[in-house]
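Undergrad: Below you'll find the structure I mean.
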Amino acid sequence: MKEKNIILITGAPATGKTTYGRIISDKFGMPFISKDKIKETIYDAMSENKLLEYEEKRRIGSTSYSVLYLISEELMKVGNSFILESNFGKQAIPVLENLISKYKYNSLTIRFNCETQTLHKRFLKREQSEERHMGLVANSVFDKIEDFKKTIDLANEFKISSNEIIVDTTDFNHIDINKLIEKIEEKLS
């Protein structure tokens, strides 16, 4: 019987979760399911290219989690290993713990962290980028660092197990992706 693994990639916004998640997905040949990608898809179907209010985006975000968990369970039913990526909060813990237990999966959390000032600057720069999807723009809700810090605190509340790797992305130039891949292989074996 093959190993059934779920890698949970989490951390505050703009820590590099999606970028590194895709690299990990390619390296391990595991499907990469991103809550934000689901949110973008729902947003596009509902918005008719209009900029929606932040509260509307939050509702789409909640719906995105429901879809994320549905996809997860379908993959688990057939024993596929996969990667989930989001800035999970504590509300995700019981749902994911239940799925992991029900389908007897090994779980590994990869938590991306960054120094707060650096992360906030990175976040604001990304918010103003034309490449940022309209459904993911926070409509200036986190322009103040105090408000942004709350999202960091919420992301840090997520903990599934002690099987965790912490990656500091304060300086992307100091990330050794090969070393990270080795750590993942070690934790999954």
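Undergrad: Under the condition of being in contact with a helix residue (DSSP H, G or I) (Cβ under 6 Å, 6 or more places away or on another chain) and outside any loop (DSSP other than H, G, I, E, B), which residue from the stretch 85-98 is nearest to Phe32 (Cα to Cα)?
TA: Top of the filtered list is Glu85.
Undergrad: For residues that are within 18 Å of the chain's Cα centre (by Cα) and among the small types (Gly, Ala, Ser), scanning just the stretch 135-149, find the one that is surrounded by the most Cβ atoms within 10 Å (Cβ to Cβ).
TA: Filtering the stretch 135-149 for residues that are within 18 Å of the chain's Cα centre (by Cα) and among the small types (Gly, Ala, Ser), the one surrounded by the most Cβ atoms within 10 Å (Cβ to Cβ) comes out as Gly135.
Undergrad: Quick one: which of Ile152, Ile160, Ile184, Ile166 is surrounded by 15 or more Cβ atoms within 10 Å (Cβ to Cβ), aliphatic (A, V, I, L, M), in contact (Cβ under 8 Å) with a residue 12 or more places away in the chain and not in a helix (DSSP H, G or I)?
TA: Matching residue, one of Ile152, Ile160, Ile184, Ile166: Ile160.
Undergrad: Can we say Tyr43 is closer than 23 Å to Leu119 by Cβ and surrounded by 17 or more Cβ atoms within 10 Å (Cβ to Cβ)?
TA: It is false that Tyr43 is closer than 23 Å to Leu119 by Cβ and surrounded by 17 or more Cβ atoms within 10 Å (Cβ to Cβ).
Undergrad: So in the stretch 46-55, with the set limited to residues that are assigned to a helix (DSSP H, G or I) and touching a residue at least 24 places away in the same chain (Cβ under 8 Å), which one is surrounded by the most Cβ atoms within 10 Å (Cβ to Cβ)?
TA: It comes out as Ser47.
Undergrad: Go through Arg132, Arg58 for me and flag whichever is exposed (fewer than 15 other Cβ atoms within 10 Å of the Cβ), modelled with pLDDT under 95 and in a loop (DSSP other than H, G, I, E, B).
TA: Arg132
Undergrad: Which number in (1) under 26 Å from Ser47 (Cα atoms); (2) surrounded by 15 or more Cβ atoms within 10 Å (Cβ to Cβ); (3) of a type in the set (S, T, N, Q) marks the one condition that Thr109 misses?
TA: With respect to (1) under 26 Å from Ser47 (Cα atoms); (2) surrounded by 15 or more Cβ atoms within 10 Å (Cβ to Cβ); (3) of a type in the set (S, T, N, Q), Thr109 is out only on (1).
Undergrad: Has the stretch 102-117 got any residue that is more than 17 Å from the chain's Cα centre (by Cα), closer than 20 Å to Pro31 by Cα and assigned to a strand (DSSP E or B)?
TA: Yes, the stretch 102-117 contains at least one residue that is more than 17 Å from the chain's Cα centre (by Cα), closer than 20 Å to Pro31 by Cα and assigned to a strand (DSSP E or B).
This table checks each residue for (1) closer than 18 Å to Ala138 by Cβ; (2) of a type in the set (Ser, Thr, Tyr).
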| residue | (1), (2) |
| --- | --- |
| Ile6 | no, no |
| Ile33 | no, no |
| Glu40 | yes, no |
| Tyr69 | no, yes |
| Glu74 | no, no |
| Ile83 | no, no |
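Undergrad: What are the pairs, 6+ residues apart or on separate chains, where a residue within the stretch 107-134 that is over 29 Å from Leu188 (Cβ atoms) has its Cβ under 7 Å from a residue that is among the aromatic types (Phe, Trp, Tyr)?
TA: Taking only residues 6 or more apart or on different chains, the pairs are His120/Phe148; Phe123/Phe142; Phe123/Phe148; Met134/Tyr43.
The values are calculated or read from the model by the stated rules, or taken from the named source; none is laboratory data. Since the structure is predicted, the reported quantities are computational estimates derived from the model, not experimental observations. FYI the Cβ positions are ideal-geometry reconstructions off the backbone, even for glycines, and counts take in every protein chain you see.
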